[in-house]
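The values are calculated or read from the model by the stated rules, or taken from the named source; none is laboratory data. Given the structure is predicted, the values throughout are model-derived calculations rather than measurements. Methodologically, a virtual Cβ is constructed for each residue, glycine included, from the backbone with ideal geometry; neighbour enumeration extends over all protein chains shown. For accessibility, only protein heavy atoms count, side chains too; no ligands or nucleic acids. Shrake-Rupley method; radii C 1.70, N 1.55, O 1.52, S 1.80 Å.
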Amino acid sequence: MEESVTIKLSRLDVGQLMDGLQVRLEAWRGTQMYFESGFPPSPDFMIEDASDAEEAEQIADHYERILSTIREQVNAQTKE
């Protein structure tokens with residue numbers, strides 16, 4: 001397993017961080033859809049630099065894992 005890092009941020013900052021990660025996740029999912037269908041999700045969509053749908057999916061999945069981990073940690077602290 002990779003080495004963990006502990007970061008202390010305000011809840012507001014964590015929310016902003018998560019919003020930014022969500023935007024990146026959506027960009028990579030859109031890129032995956034583009035490679036699979038040949039069409040962008042919207043006319044103004046900017047395709048990310050990937051070689052194929054599989055690469056875009058792997059990157060999107062990574063963003064999902066990061067967001068999930070952050071949500072789990074925030075939820076655990078909320079219950080304290």
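Applying a threshold of 8 Å to beta carbon distances and a minimum spacing of six or more residues, or different chains, the list of pairs starting in the stretch 20-39 at a residue that is closer than 16 Å to R71 by Cβ and ending at one that is open to solvent by 80 Å² or more (accessible area, probe 1.4 Å) reads L25/E64. A single entry from L25, L12 fulfils the requirement of being part of a helix (DSSP H, G or I), open to solvent by 100 Å² or more (accessible area, probe 1.4 Å) and within 30 Å of Q77 (Cβ to Cβ): L12.
Scanning the stretch 39-57 turns up no residue that is hydrophobic (A, V, I, L, M, F, W, C), open to solvent by 40 Å² or more (accessible area, probe 1.4 Å), under 30 Å from N75 (Cβ atoms) and outside any loop (DSSP other than H, G, I, E, B).
The residues of the stretch 45-76 that are farther than 15 Å from L17 by Cβ and either modelled with pLDDT under 95 or of a type in the set (G, A, S) (or both), listed by number, are A50, S51, A53, A56, A60, N75, A76. Every residue in the stretch 58-80 that is open to solvent by less than 50 Å² (accessible area, probe 1.4 Å), within 19 Å of L9 (Cα to Cα) and either of a type in the set (A, V, I, L, M) or assigned to a loop (DSSP other than H, G, I, E, B) (or both), please. Within the stretch 58-80, L67, I70, V74 meet the criteria.
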